[in-house]
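In what follows, a structure is listed as structure tokens, so that the remarks can point back to it.
Each value in this text was obtained by applying a stated rule to the coordinates, not by laboratory testing. Please read these numbers as outputs of a predicted model, since none were measured by experiment. Cβ: placed from backbone, ideal geometry, glycine included. Neighbour counts: every protein chain shown.
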């Protein structure tokens, strides 16, 4: 009897093991995000033209702003023209809108500031600037990049030079042909085109690198997470980062930690990218048009 009980116990456990196997472990994370889908192209038959598009912006007011060779067009989300809000520009390269809805434009050697209605507030000129290529503002500071002199500079609201944020070099806190700028939560994102990377630098001194996107060398690559001649950067309300990867003809999306999420292929090299605050809509600028892309719906009907 003492031998029968252990045998029966063994058989019972063996049978249970076969009948009720240990369930596999599942990954309950979100599925990989799909590429954004092209849904519209402007101007189409909207009754206006876009010539020499230099920059595209989703403003703090929710409107889309198209900076062209001579003016700023204010557009609704469907691409219809609200109005030409600013005109008479000479060689504009970048646009920014702050939380007060004031509009900043890098226009050659001149930095121009307008109110939300397009009325000029003031302008200042720095003859040391050669080719302004990016602009962003936070509080009492205005940040400007110069792609010819390989500099990112900060000014006060009167146009007085405060500091050199970044200068030419090959290091992680240096730049080579800096283009667009974007500010978020104490970080200034800088597109360093010739280095084939995007870097977030602390606004306050001493400045340190807070996020680095791109390879560890300057060679660039076609692989996800790498760039060839990046031209623009923007960040949504969830701190996801979007980079217009000019040489690879795509928009790449990263999470707040710099992890690659997804890429959206384009038909040609973009000049700019903008994103809605919720990250659902991309607005990609080309020389003669803006293409609108939407994030696909996830299973279950949500976005």
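How compact is region 79-194 by the rule of thumb for globular proteins, expressed as Cα Rg over 2.2 N^0.38 Å?
1.04
Report, in degrees rounded to the nearest 10, the 0 to 90 angle that the Cα long axis of helix 4-19 makes with the longest principal axis of the chain.
Between helix and principal axis, roughly 30 degrees.
Counting pairs of alpha carbon atoms under 8 Å apart in space and at least six apart in sequence, what relative contact order in percent does the chain give?
Rounded, it is 14 percent for the chain.
Given region 175-221 reduced to its alpha-carbon atoms as identical point scatterers, what log10 I(q)/I(0) does the Debye formula return at q = 0.16, 0.33 Å⁻¹?
Once normalised to I(0) and log-transformed, intensities are -0.40, -1.20.
Please give the Cα centre distance for region 266-281 versus region 96-150, rounded to the nearest Å.
That distance is 22 Å.
Could you pull out which residues in region 102-139 have an amide N less than 18 Å from a spot 7 Å beyond the Cα of residue 148, following the Cα-Cβ vector?
Answer for this model: 106-112, 124-135.
Answer rounded, prolate or oblate for region 187-250, using the Cα gyration tensor with square roots of eigenvalues a ≥ b ≥ c: rounded when a/c is under 1.5, else prolate when a/b is larger than b/c, else oblate.
oblate
Let me have the 222 nm mean residue ellipticity of the chain computed from DSSP H runs of 4+ only, each contributing -39500 (n - 2.57), with the sum over all residues rounded to the nearest 500.
About -2000 deg cm²/dmol.
For region 18-166, what is the convex hull volume of its Cα atoms per residue in Å³?
Looking at region 18-166, the number lands at 201 Å³ per residue.
In terms of the Cα gyration tensor, with a ≥ b ≥ c the square roots of its eigenvalues, is region 45-85 rounded because a/c is under 1.5, prolate because a/b exceeds b/c, or oblate?
Verdict is oblate for region 45-85.
Quick one: Debye curve from the C-alpha atoms of region 148-188, no solvent, what's log10 I(q)/I(0) at q = 0.30 Å⁻¹?
-1.13
Over the Cα atoms, compute the radius of gyration (one decimal) and Dmax (the largest Cα-Cα distance, rounded to a whole number) for region 122-273, in Å.
14.7, 44
With the Cα gyration tensor of the chain in hand, convert its eigenvalues to equivalent ellipsoid semi-axes via √(5λ) and list them largest first in whole Å.
47, 24, 17
State whether region 219-303 is rounded, prolate or oblate according to the following rule on the C-alpha gyration tensor (a ≥ b ≥ c being the square roots of its eigenvalues): a/c under 1.5 gives rounded; otherwise a/b larger than b/c gives prolate, and the remaining case gives oblate.
In terms of gyration-tensor shape, oblate.
Where does region 55-141 land on Rg(C-alpha)/(2.2 N^0.38 Å)?
1.02
Mind jotting down the distance between the C-alpha centroids of region 185-250 and region 53-90, whole Å?
Going from one Cα centre to the other spans 25 Å.
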